[in-house]
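Participant: Handing you this structure, nothing more for now.
The values are calculated or read from the model by the stated rules, or taken from the named source; none is laboratory data. Just so we're clear, the structure is a prediction, and the values are computed from it rather than from any experiment. Every residue, glycine among them, receives a Cβ derived from its backbone with ideal geometry; neighbour counts consider all protein chains shown.
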Amino acid sequence: MTIDIITVVPELLESPFNHSIMKRAREKGLLTVRTHNLRKWAINKHMQVDDYQFGGGAGMVMMPEPLANAINELQQDKKFDEIIYMTPDGVSFNQKTANLLSMKENILIICGHYKGIDERIRQTYVTREISIGDYVLSGGELAAAVVVDAIGRLLPGVLNDETSALFDSFQDNLLAPPVYTRPADFRGDKVPEVLLQGDPKKVEEWRHEQSLQRTKERRPDLLDEE
Ligand code: 6GU
């Protein structure tokens, strides 16, 4: 899968994909991430990419021309299956969307800044608008990094048995159960007996019960979803 990202702060996206699982995904050739500095498509000598908003009010808006030119140029090389705009007024990102996006071949992500991008770009080019939660970040870059990470780890061959996504929180609308490692007795605090007894069926039951309990307490909303 290739993910192209249009941003005014490419520096923010340098590090997140150079470590751990994302690094492995890239080294194995399963994931390619390319960032593109929007200023490359600025249309005047001031390298301007934002402007005042019509109707007045505080905050700048990202101009349509540089974005349209950037998208058009990147589209010459490939057809994007999705053009995603990262914005706090988008649809909430979740595991279901991550699963769906992990099946695509080419994705383009546009990071918003300031008051956002001109509405006409959203109407003309964008196929999906994503928010990562009900709070405001100063730009879409960190949110884009979250989405790329969530998608990247799902690509076939990226995870192994140790890091398997099968038992992640949310994969079945349940939070993950508690986990323990050695020692079995940590300063008098003991690992639940059932995990030490070696009965896989009992372990499975216990984990499911713990998952349900956690989900009821912390995220009852998940239990109402289909
Ligand atoms: Cl995608 N962008 C920004 N700027 N803030 C956010 C967000 C995105 N998702 C949640 N807050």
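Participant: Does Gln95 count as within 13 Å of the chain's Cα centre (by Cα) and either among the polar types (S, T, N, Q) or not assigned by TED's automatic domain parsing to the domain that holds Ala145 (or both)?
Facilitator: yes
Participant: Checking Thr163 against (1) under 22 Å from Gln75 (Cβ atoms); (2) more than 8 Å from the ligand (Cβ to nearest atom), which test does it fail?
Facilitator: (1)
Participant: Have a look at Ala42, Ala58, Ala25 and point out the one that is within 18 Å of Ile107 (Cβ to Cβ), assigned by TED's automatic domain parsing to the domain that holds Ser102 and among the aliphatic types (A, V, I, L, M).
Facilitator: On the way: Ala42 fails: within 18 Å of Ile107 (Cβ to Cβ); Ala58 fails: within 18 Å of Ile107 (Cβ to Cβ).
Step by step, each of Ala42, Ala58, Ala25 is checked, and only Ala25 is within 18 Å of Ile107 (Cβ to Cβ), assigned by TED's automatic domain parsing to the domain that holds Ser102 and among the aliphatic types (A, V, I, L, M).
Participant: Return the pair list, or none, for Cβ contacts closer than 8 Å from residues in segment 64-77 that are modelled with pLDDT of 95 or more and hydrophobic (A, V, I, L, M, F, W, C) to residues that are assigned to a helix (DSSP H, G or I) and surrounded by fewer than 17 Cβ atoms within 10 Å (Cβ to Cβ), at least 6 apart or on different chains.
Facilitator: Ala68/Thr124; Ala70/Lys40
Participant: Find all pairs meeting these conditions: Cβ atoms under 9 angstrom apart; at least six residues apart or on different chains; first residue within segment 199-226 and farther than 11 Å from Pro177 by Cβ; second residue part of a loop (DSSP other than H, G, I, E, B) and of a type in the set (Phe, Trp, Tyr).
Facilitator: Listed pairs, sorted by first residue: Leu222/Phe170.
Participant: With the checklist (1) in a loop (DSSP other than H, G, I, E, B); (2) within 23 Å of Gly139 (Cβ to Cβ); (3) touching a residue at least 12 places away in the same chain (Cβ under 8 Å) in hand, flag the one item Asn18 doesn't pass.
Facilitator: Of (1) in a loop (DSSP other than H, G, I, E, B); (2) within 23 Å of Gly139 (Cβ to Cβ); (3) touching a residue at least 12 places away in the same chain (Cβ under 8 Å), only one is false for Asn18: (3).
Participant: So which residues in segment 169-217 are closer than 24 Å to Asn99 by Cα, touching a Leu at 6+ places or on another chain (Cβ under 8 Å) and among the hydrophobic types (A, V, I, L, M, F, W, C), if there are any at all?
Facilitator: Listed by number, the residues that qualify are Phe170, Leu174, Leu175, Leu212.
Participant: Scan segment 1-50 for residues that are more than 19 Å from the chain's Cα centre (by Cα) and either within 19 Å of Met86 (Cα to Cα) or surrounded by 20 or more Cβ atoms within 10 Å (Cβ to Cβ) (or both) and jot them down.
Facilitator: Result: Asn37, Leu38, Arg39, Trp41, Val49, Asp50.
Participant: Find the residue count for segment 111-156, including only residues that are closer than 16 Å to Leu38 by Cα, near the ligand (Cβ under 10 Å from one of its atoms) and either at pLDDT 95 or above or not assigned by TED's automatic domain parsing to the domain that holds His19 (or both).
Facilitator: The number of residues fulfilling the criteria is 6.
Participant: Moving on to the next point. Would it be correct to say that Ser131 is without any contact (Cβ under 8 Å) to a residue 60 or more places away in the chain and surrounded by 15 or more Cβ atoms within 10 Å (Cβ to Cβ)?
Facilitator: Against the criterion (without any contact (Cβ under 8 Å) to a residue 60 or more places away in the chain and surrounded by 15 or more Cβ atoms within 10 Å (Cβ to Cβ)), Ser131 qualifies.
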